[in-house]
1. Against the definition (in contact with a strand residue (DSSP E or B) (Cβ under 9 Å, 6 or more places away or on another chain) and either surrounded by fewer than 13 Cβ atoms within 10 Å (Cβ to Cβ) or closer than 30 Å to residue 140 by Cα (or both)), how does residue 338 come out, yes or no?
2. For the range 185-241, which positions are of a type in the set (Val, Ile, Thr) and assigned to a loop (DSSP other than H, G, I, E, B)?
3. Could you give me the residue pairs with C-beta distances under 8 Å whose first residue belongs to the range 408-422 and is of a type in the set (Lys, Arg), whose second residue is buried (at least 17 other Cβ atoms within 10 Å of the Cβ) and not in a helix (DSSP H, G or I) wherever it lies, and which are 6+ apart or on separate chains?
4. I'd like to verify a number: residues in the range 286-308 that are closer than 30 Å to residue 199 by Cβ and in contact (Cβ under 8 Å) with a residue 40 or more places away in the chain, how many?
5. Being closer than 13 Å to residue 346 by Cβ and assigned to a helix (DSSP H, G or I) is the filter here, so list the residues in the range 253-274 that pass it.
6. Being polar (S, T, N, Q), under 28 Å from the mean Cα position of the chain (by Cα) and at pLDDT 95 or above, is that true of even one residue in the range 336-354?
7. State whether the residues of the range 36-46 include one that is at pLDDT 95 or above, farther than 24 Å from residue 122 by Cα and not assigned by TED's automatic domain parsing to the domain that holds residue 199.
8. Just one of 172, 154, 147 is aromatic (Phe, Trp, Tyr), in a strand (DSSP E or B) and closer than 30 Å to residue 426 by Cα; which is it?
Amino acid sequence: MSKLWGGRFTKQTDELVEQYTASISFDQQLAEEDIQGSLAHVTMLGRCGIVPQEDVEQIQQGLAQVLELIRSKEMVYSVSDEDIHMNIEKKLIELIGPVGGKLHTGRSRNDQVATDMHLYLRKHVVIFVELLSKLQIALMEQAKANYDTIVPGYTHLQRAQPILFAHHLMAYVSMFERDIERLQDSYKRINTLPLGAGALAGTTFPIDRHDVAEQLGFDRVYENSLDAVSDRDFIVEFLSNASLVMMHLSRLCEELVLWSSTEFQFIELDDAFCTGSSIMPQKKNPDVAELVRGKTGRVYGNLMGMLTVLKSLPLAYNKDMQEDKEGMLDTVSTLDGALRLFAPMIATMKVNRDRMRQAVRQDFSNATDIADFLVNKGLPFRQAHEVIGKTVLYCIQKNVYLLDLSLEEFKQFSPLFDETIYAVLQPEQVVNARNVYGGTATVQVQAAVGRASEALNRTEAWLHEHENKF
């Protein structure tokens with residue numbers, strides 16, 4: 001059979017051109033969405049009296065057959081048929097005859113492919129919100145199990161102040177909450193229907209775009225036909241949101257890699273999420289964390305690639321826009337794999353509380369509290385800062401820590417020191433002294449977990465609404 005668009009042409013397409021311009025190798029991932037959109041479109045054509053109802057029913061039955069072939073992996077795709085739309089339409093015509101050609105009435109591949117991508121991303125945004133919420137739950141369960149676990153907090157990767165390990169984990173819960181909010185917000189723009197815009201100017205057939213939108217669960221339709229077929233903002237926005245999720249995962253990966261090293265020994269990752277060495281039998285490598293960290297770069301690259309494709313494109317559709325799919329599909333696959341692995345990796349992580357406590361007692365991360373102690377005694381902070389700097393230098397030269405100093409040694413730096421300084425310097429006191437909203441005190445971290453639980457309830461309600469919508 002010749003190409004479905006071949007009437008205008010006097011020559012066959014060059015084989016190299018077919019291979020170079022075809023997208024079926026990757027856009028076949030949109031097959032179910034293409035069927036979904038076609039079923040809604042042909043149903044509307046029947047309701048509007050554009051296609052006879054008996055033809056509509058025949059096309060619907062044929063599409064159901066094609067869908068079964070797709071799901072059973074019996075569908076054979078052809079490069080000569082270019083893309084998923086032409087492959088499906090050709091198979092439909094093979095199954096039910098020329099009546100299958102009526103399916104394309106009142107639409108173009110331009111608005112059809114945009115619809116497929118809206119449907120595809122809409123589905124996966126809901127999946128990603130669910131996966132992020134599961135990761136939050138895993139982090140929160142670890143946090144609740146470690147309300148009394150104190151760990152050095154770092155700035156510049158230098159020990160700064162002691163914090164609860166739970167507080168550290170809850171920072172990532174907050175990051176992923178922002179990711180969830182961004183995905184939920186982007187859903188509003190993804191859930192806009194382009195179908196019915198035609199190639200660029202609409203169609204002469206009296207179609208009902210809002211009927212199709214209602215069938216497919218879209219909240220609205222594009223207001224402008226040119227915008228409908230040329231808009232890829234929703235993909236750029238998704239890629240940007242995905243890049244932020246991967247960046248947050250990558251930051252946590254870096255810490256997991258550091259914490260599981262012999263130098264830190266703060267945690268141990270479960271064997272199921274690590275691999276060994278082909279030459280060094282003692283090795284236990286945090287490969288999952290490292291690979292997620294590495295794959296972040298490809299997601300960033302997909303974002304920059306999409307922005308570059310769209311740069312300076314005139315309205316409306318251009319073949320350049322075929323490049324919108326591979327990066328989007330790759331990002332969906334990459335993010336999906338990372339999130340499905342991450343929650344169980346965190347849930348099975350073992351926390352070495354004793355090692356963390358030992359680390360806290362072998363540093364000067366409680367120095368700020370001595371300065372605060374002197375400030376409460378009436379000394380200006382800048383003078384107190386200088387006093388403690390000299391005290392720390394003295395400890396370094398003596399190879400001791402602040403809690404090792406005698407009261408006489410403290411007093412040689414300031415007469416304001418008294419016996420209460422030893423209670424002030426205890427890690428538990430240092431942590432719980434920061435009893436401000438968002439601080440690391442146990443009561444504040446517990447409150448943060450409570451607020452995060454409320455946010456999770458809102459996410460679950462959103463998921464329930466959107467998972468059952470279609």
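1. Working: in contact with a strand residue (DSSP E or B) (Cβ under 9 Å, 6 or more places away or on another chain): no; either surrounded by fewer than 13 Cβ atoms within 10 Å (Cβ to Cβ) or closer than 30 Å to residue 140 by Cα (or both): yes.
No: the conditions fail for residue 338.
2. The initial filter retains those residues of the range 185-241 that are of a type in the set (Val, Ile, Thr), namely 190, 192, 203-204, 207, 212, 221, 229, 235-236.
Answer for the range 185-241, where residues must be of a type in the set (Val, Ile, Thr) and assigned to a loop (DSSP other than H, G, I, E, B): 203, 204, 207.
3. Short answer, once both residue conditions are applied: 411/417.
4. Of the residues in that region, 4 qualify.
5. Of all residues in the range 253-274, those closer than 13 Å to residue 346 by Cβ come to 253, 255-256, 259-260, 267-270, 272-273.
Within the range 253-274, 253, 255, 256, 259, 272, 273 qualify.
6. At the first step, the residues of the range 336-354 found to be polar (S, T, N, Q) are 348, 352.
Now drop any that are not under 28 Å from the mean Cα position of the chain (by Cα), which leaves 348.
Filter once more, so that each one left must be at pLDDT 95 or above: 348.
Within the range 336-354, one or more residues are polar (S, T, N, Q), under 28 Å from the mean Cα position of the chain (by Cα) and at pLDDT 95 or above.
7. First pass over the range 36-46, keeping only residues at pLDDT 95 or above: 36-46.
Retained after the next criterion (residues that are farther than 24 Å from residue 122 by Cα): 45-46.
Next, from what is left, pick out any that are not assigned by TED's automatic domain parsing to the domain that holds residue 199: 45-46.
Among the residues of the range 36-46, at least one is at pLDDT 95 or above, farther than 24 Å from residue 122 by Cα and not assigned by TED's automatic domain parsing to the domain that holds residue 199, which makes the answer yes.
8. Numbers: 172 fails: in a strand (DSSP E or B); 147 fails: in a strand (DSSP E or B).
From the options 172, 154, 147, the qualifying one is 154.
The values are calculated or read from the model by the stated rules, or taken from the named source; none is laboratory data. For clarity, every value in this text was computed on a predicted model and none was experimentally measured. Virtual Cβ from ideal backbone geometry, glycine too; neighbours counted across all protein chains shown.
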